[in-house]
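Heads up, the thing below is written out as structure tokens.
The values are calculated or read from the model by the stated rules, or taken from the named source; none is laboratory data. Since this is a predicted model, take the numbers as computed values, not measurements. Cβ placement follows ideal geometry from the backbone for every residue including glycine, while neighbour counts extend to all protein chains displayed.
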């Protein structure tokens, strides 16, 4: 028999209000209750040091359990309670999304890029036979004389000779890696130069042949069937970490995750990247543009360029009042995501002066804004190519005047004026080339060099 409270062994965990009742012949009666002891109708507080969570089952210090209503501690630990609250909010959040149908509007479709003829390397020119009828070699714009095929093969030109690069196999991931000369801008000299860099075949194929809707988060590349040596463009999928892990989980032999199942995972709300917010992917900018994962500075040059680009192409009021020539112009799928556009802009914006986003210099007659067709160029250069020769010719009473010539200079016929204006523009072009060697990206310099100002007019 216990003679004193001090003689009693009190369990550290009192899982119910009345644990036991102890009575003695001396009239000593003790009841255990939650958080204390009652002896002969008198309450004595007992300091509880640990408690078992009813959800996870772990025995944790008492401070890991919250106090409810300022009185007793709950029986669910703080960690489990936090997860429970988040799950509840998450279910409510996703239900709202499903009810509104936003997930359908943000559904990703598998798409491939069209390669402009100017970027294609002809088999007869290179002398390197294709490994398949559909193999196409596309010029890498910011690499020195290099082309990648939709099968992951790379050709480099050394002087006048084309050679097929062997590459190397990465020791860790098994991917094929190429060493190429990439063009970079040196701020101290204000000139471009080439530096060697390593890049995987799959990354080159993704960038040049496959539409990547979210370049910031789609950092993993899934090879169909898990074969990392297969770099055929129709067998490569840019995905997030969560999507990649889920595809890996499902691809245990003999099951092969086919394209339909991969796209189901890509479009599932369950496997979006951590912190994904569907409202950032609503196409609210002129019905096509969306924020993506990037924070917007509404007054930054980058955001203004992106907004103006979309407005020119998709705002009907702009087409009616100011720029009807942009009715048939579009923005590529990748650049409809502001975060994607910002990645490209931050990499290629090196000028301190006024710059323009140009879509015509690299590809004459181009109708789509895309990383393959566009270039950032100083305004004074862009004005040379953005208007036709006819814009420089003005009809006067005593003949035709050409912009930029002496006021008293006149020619009698439009043909004479056209010839004179084209010659004047050609001289400006030559001057840009003379001053722009190593100061312009190689792809821009070569494009300007190809321009025939008379034909362009």
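For segment 429-444, the set of residues classified as touching a helix residue (DSSP H, G or I) at 6+ places or on another chain (Cβ under 9 Å) and in a helix (DSSP H, G or I) consists of 429, 432, 433, 436, 444, listed by residue number.
One residue alone among 421, 401, 447 is assigned to a helix (DSSP H, G or I) and farther than 30 Å from residue 348 by Cβ, and that residue is 421. Against the test of being crowded, with 16+ Cβ neighbours inside 10 Å and in a helix (DSSP H, G or I), the options 303, 380 yield a single qualifying residue, 303.
Filtered by the rule that a residue be modelled with pLDDT under 85 and in a loop (DSSP other than H, G, I, E, B), segment 245-281 gives 252, 253, 254, 255, 274, 275, 276, 277.
The selection criterion, being touching a residue at least 24 places away in the same chain (Cβ under 8 Å), under 26 Å from residue 137 (Cβ atoms) and part of a loop (DSSP other than H, G, I, E, B), does not hold for residue 217.
Conditions tested, residue by residue: (1) modelled with pLDDT under 95; (2) surrounded by 12 or more Cβ atoms within 10 Å (Cβ to Cβ); (3) in contact with a helix residue (DSSP H, G or I) (Cβ under 9 Å, 6 or more places away or on another chain); (4) not assigned by TED's automatic domain parsing to the domain that holds residue 238.
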position	(1), (2), (3), (4)
86	yes, no, no, yes
94	yes, yes, yes, yes
108	yes, yes, yes, yes
132	no, no, no, no
138	no, yes, yes, no
152	no, yes, yes, no
156	no, yes, no, no
164	no, yes, yes, no
170	yes, yes, no, no
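Meeting the requirement of 1 or more residues that are touching a residue at least 60 places away in the same chain (Cβ under 8 Å), the strands (runs of 3 or more DSSP E) wholly within segment 121-206 are 137-139, 146-149, 176-186, 191-200.
If you go through segment 254-261 one residue at a time, do you hit one that is out of contact with any helix residue (DSSP H, G or I) (no Cβ under 6 Å at 6 or more places or on another chain) and not assigned by TED's automatic domain parsing to the domain that holds residue 174?
To start, the set of residues in segment 254-261 that are out of contact with any helix residue (DSSP H, G or I) (no Cβ under 6 Å at 6 or more places or on another chain) comprises 254-255, 258-261.
Subsequent filtering for residues that are not assigned by TED's automatic domain parsing to the domain that holds residue 174 retains none.
No - not one qualifying residue is present in segment 254-261.
From 367, 419, 428, which residue is at pLDDT below 85 and farther than 24 Å from residue 144 by Cα?
Checking each option against the conditions leaves just 419.
Within segment 232-239, does at least one residue satisfy the condition of being modelled with pLDDT of 95 or more and assigned to a loop (DSSP other than H, G, I, E, B)? Within segment 232-239, one or more residues are modelled with pLDDT of 95 or more and assigned to a loop (DSSP other than H, G, I, E, B).
Quick check on residue 365: is it more than 24 Å from residue 116 (Cβ to Cβ) and out of contact with any strand residue (DSSP E or B) (no Cβ under 6 Å at 6 or more places or on another chain)?
Working: more than 24 Å from residue 116 (Cβ to Cβ): no; out of contact with any strand residue (DSSP E or B) (no Cβ under 6 Å at 6 or more places or on another chain): yes.
No; evaluated as a whole, the condition is false for this residue.
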